[in-house]
Amino acid sequence: MADLNTQVLGLPLRNPVIVSSSGLTGSARGIRQCVEAGAAAVVIKSLFEEQIDLEVNGHEDKSELSSHPEAAEYIQQMGKHLGPSNYLSLIETAKRENGVPIIASVNCITSEWWANYAKQIEKAGADALELNIAIMPHEPGERSTDIEARYVEIVRQVRAEVKIPLAVKIGPYITALPSLVEKLCRAGAQALVLFNRFYQLDIDIDNLTAAPGYQFSTPNEIYLPLRWITLLTGRTDCELIGSTGVHSGREAVKLLLAGAQAVQVCTTLYANGLDRIASICNEIAGWMDVHGFQRLEDFRGLVGKAAQKDRTAFERLQYIKALTGVD
Ligand SMILES: Cc1cc2nc3c(=O)[nH]c(=O)nc-3n(C[C@H](O)[C@H](O)[C@H](O)COP(=O)(O)O)c2cc1C
């Protein structure tokens with residue numbers, strides 16, 4: 001019988017399936033339902049930096065959003081729904097009500113306000129903190145090295161303030177990912193969540209306005225995290241958590257074979273309901289039985305480590321195979 005127990009960020013998990021930060025995890029009830037459905041851990045819906053700045057620091061919002069009336073109002077509404085003080089209460093309730101690790105999440109673009117708030121998150125009882133860092137460059141003068149330095153500085157400052165484990169969730173659009181991963185680990189991250197799925201921009205052709213794009217993933221989006229976890233496994237001190245495109249046990253197994261410590265799921269739960277968590281676990285266990293693996297450690301990183309022998313040749317080979325295999 002397959003044993004799915006594992007650990008992430010030093011926290012024990014009953015299986016490798018974590019519910020990602022999303023609307024599903026934005027209330028005590030939502031979190032409880034995820035845990036009852038079998039989630040090994042839950043990442044609470046992110047608190048956005050703009051909300052904290054407004055309530056905690058009493059700052060007038062000077063972010064790039066403040067100049068946009070629609071965005072500023074949206075942020076204020078968000079703050080009312082789940083502002084920083086409510087967020088701390090949600091952490092406390094989630095901890096009290098559930099016997100699995102509760103991971104807080106903050107979406108941040110600067111490191112300024114952290115000294116105060118990260119400590120409060122820790123005090124509220126969060127088992128770990130996931131920093132959802134999404135810095136969108138849009139000025140030609142912004143250099144990639146400066147932007148990466150901001151990522152690192154955020155992690156460094158938070159690390160200096162809290163003792164709980166830190167995960168950093170980043171997007172895939174980084175020029176030299178292995179270098180940034182190394183810097184984030186040195187700055188104090190214990191895990192990298194690869195990857196965040198940024199909201200897409202669409203254009204409404206009837207109203208001639210910008211509009212939010214489709215926010216859910218497809219299973220084909222697994223290939224980006226799969227590629228990077230395969231290439232990074234064994235080469236970083238940070239744990240790697242697979243995220244984006246995990247819709248069934250198949251994608252979860254692939255990420256574990258690449259070297260992921262655990263996987264996060266979101267879209268599939270919106271599409272198929274929370275029962276999907278148990279199905280994913282059953283599919284992983286069924287696959288392990290067929291292949292004679294008893295524990296996750298028996299096969300975690302098996303493919304990723306093989307690819308490490310010659311990374312350039314491995315990448316080139318997959319590229320050539322992909323292109324030459326299509327008529
Ligand atoms: C409705 C919705 C809300 C989300 N909210 C957050 C959030 O607050 N913080 C965050 O880090 N990610 C958020 N995400 C991104 C998810 O956590 C996840 O990274 C992304 O959907 C990719 O995973 P998936 O392919 O399993 O959906 C959200 C996604 C959706 C669909």
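The values are calculated or read from the model by the stated rules, or taken from the named source; none is laboratory data. It should be emphasised that the depicted structure is a prediction, and the values quoted were computed from it without experimental measurement. Glycine gets a Cβ as well: all are built from the backbone with ideal geometry, and neighbour counts include every protein chain shown.
Quick notes
- Residues satisfying the stated conditions in the stretch 212-236, i.e. among the hydrophobic types (A, V, I, L, M, F, W, C) and within 23 Å of Arg300 (Cβ to Cβ): Ile222, Leu224, Leu226, Trp228, Ile229, Leu231, Leu232
- Residue in the stretch 186-202 that is nearest to the ligand (Cβ to nearest atom), counting only those that are under 16 Å from Ser105 (Cα atoms) and not in a loop (DSSP other than H, G, I, E, B): Val193
- The stretch 122-146 - residue that is more than 18 Å from the chain's Cα centre (by Cα) and crowded, with 17+ Cβ neighbours inside 10 Å and, of those, nearest to Leu180 (Cα to Cα): Glu122
- Taking the stretch 204-288 as the region of interest, the strands (runs of 3 or more DSSP E) fully inside it that hold 1 or more residues being within 15 Å of the ligand (Cβ to nearest atom) and at pLDDT below 95 are 209-212.
- The helices (runs of 4 or more DSSP H) found entirely in the stretch 6-116 that carry 3 or more residues being over 22 Å from the mean Cα position of the chain (by Cα), modelled with pLDDT under 95 and over 30 Å from Gln294 (Cβ atoms) are 49-55, 69-81.
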